[in-house]
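Enquirer: Here you go, one structure.
Each reported figure results from applying straightforward, stated rules to the coordinates on display, with no laboratory input. All of these numbers come straight from a predicted model, not from anything done at the bench. Cβ coordinates were reconstructed from backbone atoms using ideal geometry, including for glycine residues, and neighbour counts include every protein chain displayed.
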Amino acid sequence: MRDTTPIAAGEVWLVGAGPGDPELLTRKAERLIGEASVVFYDALVGPEVLDLARPGTRLVHVGKRSGRHSKDQKTIDALIVEAALAGERVVRLKGGDPSIFGRATEELDACRAAGVPVRICPGVTAASAAAAGIGASLTLRGLARKLTFVTAHARAGEELSLDWSGLADPEATLAIYMGKAAAGEVSRNLMAAGLPGDTPVALVENASLPSQSVLLTRLDLLGLSAKAALGDGPALILVGQALAVAGEAQALAGAARTLA
């Protein structure tokens, strides 16, 4: 049975805002945004999504972009808890899905430690939107039997430490979040672990938005492609043989640039 209980005073919802296109919000997310008395939102949440809040709702920007953090995580945790303890109906609005590289655990733990009821409303994640935008399937029978989500974000000065041998699976599709700055390193390490340099790659910037751009390339050109083609928008990197089918379709449609 559907749970349509309104947000209670003193309750927190971590809500997935999806990849950007407001039409990709779930109906539940739209309802919760409209019920909130305060919305703490990420940098990637667009104005059309925020417009769903009712008049008088406090809109608090707590966004974090690479190198440009308006609030650190502990401060965000404290703001959420403080608002809930004051009796507000709290929505923490996160780009994509809160449970995928969204730091949901820290906020869940902070709420629970303070005795604040907290729940999650899932959202469409960027990998799904990026694949849809290029007409691709993230899996392909007999060719891409596995789908792996990974973040290529590392703290300043730290080496990107990932299980490269595990990620370099020719029968998998690899969805790399926050990988723009590390694209060259990703390329080198995957090839060093045995993934062929001609493995198809798609770079999708601003997935689902009117400003979406797509570059189809190959693994050994990934670093060069990212530097040459990507702007300031959030970008997702898709790697794997499933992208070859999408590349053919996009080339025929003239809907993507190709660097190969």
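Enquirer: With a point put 7 Å past each Cα toward its Cβ, work out how far K227 is from A114 in nm, to one decimal.
Expert: Placing both labels 7 Å beyond Cα along the Cβ direction yields 4.5 nm.
Enquirer: Suppose each label sits 7 Å from its Cα in the direction of the beta carbon; what would the R58-E159 distance come out to in nanometres?
Expert: Placing both labels 7 Å along Cα→Cβ, they lie 4.5 nm apart.
Enquirer: Radius of gyration and Dmax for the range 40-127's Cα atoms, expressed in Å?
Expert: 12.7, 37
Enquirer: At 4 °C and 1.567 mPa s, what whole-number value in µm²/s does Stokes-Einstein give for the translational diffusion of the range 160-226, with Rh from the Kirkwood sum over Cα pairs?
Expert: The calculation lands on 105 µm²/s.
Enquirer: Hey, rough spin-label estimate for K146 and L209, points 7 angstrom out along Cα→Cβ, what's it come to in nanometres?
Expert: According to this spin-label approximation, the distance is 3.3 nm.
Enquirer: Using the scaling law 2.2 N^0.38 Å as the reference, what is the normalised Cα Rg of the range 85-141?
Expert: The value comes to 1.52.
Enquirer: What share of the DSSP beta bridges in the chain is antiparallel, in percent to the nearest 5?
Expert: If I count the DSSP bridges inside the chain, around 45 percent turn out antiparallel.
Enquirer: What does the extension gain come out to for D72 and R103, with contour length at 0.36 nm per residue minus their alpha carbon separation?
Expert: This chain segment gains 10.0 nm when fully extended.
Enquirer: What is the distance in Å between the Cα centroid of the range 217-248 and that of the range 1-20?
Expert: The distance from the Cα centre of the range 217-248 to that of the range 1-20 comes to 34 Å.
Enquirer: Apply the Kirkwood formula to the chain: the hydrodynamic radius equals the inverse of the mean of 1/r over all pairs of different alpha-carbon atoms; give it in Å with one decimal.
Expert: Result for the chain stands at 19.3 Å.
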